[in-house]
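Chemist: Before I ask anything, let me first share the structure, which is written out below as structure tokens.
Values quoted throughout were computed directly from the atomic coordinates according to the rules given, and no laboratory measurement underlies them. Note that the coordinates shown come from a computational prediction; the quantities given were computed from them, not determined experimentally. Positions of Cβ are backbone-derived with ideal geometry, glycine not excepted, and every protein chain shown enters the neighbour counts.
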Amino acid sequence: MAQFLHPHLERENELALPVIGITRELSEAKSSLDFAKALEPLGKFRPEYEKMLREHAEIVKALDEHEKVAKKPKKKIDGRQITQTRHVRSE
């Protein structure tokens with residue numbers, strides 16, 4: 001599962017999180033020297049956005065399937081995977 005999630009989460013960290021990190025200041029009409037740096041990956045993020053949304057749907061489907069299998073007798077699910085499922089569903 002980690003091999004499936006890792007590339008997506010790496011792109012999210014690189015492209016989306018810097019922009020998300022400044023949304024509060026932007027909503028409050030504040031300015032910061034961090035804005036320029038945070039907006040640098042935006043040009044790369046736009047073309048990736050639709051692909052990343054499709055990946056979210058695929059990840060949720062895979063995690064749901066993994067959870068179903070884990071709920072069968074004598075199977076356990078890793079708590080991190082439940083957390084990851086909640087993270088992906090929240091976006």
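Chemist: What residues from segment 31-56 fall in the zone where the backbone N is under 13 Å from a label point 7 Å along the Cα-to-C-beta line of SER90?
Modeler: Counting only backbone N, you get no residues.
Chemist: Give the lysines reachable from LYS71 as a straight Cα distance under 21 Å; neighbours fewer than 8 places away on the same chain don't count.
Modeler: Within the straight-line limit of under 21 Å, LYS71 reaches these lysines: LYS61.
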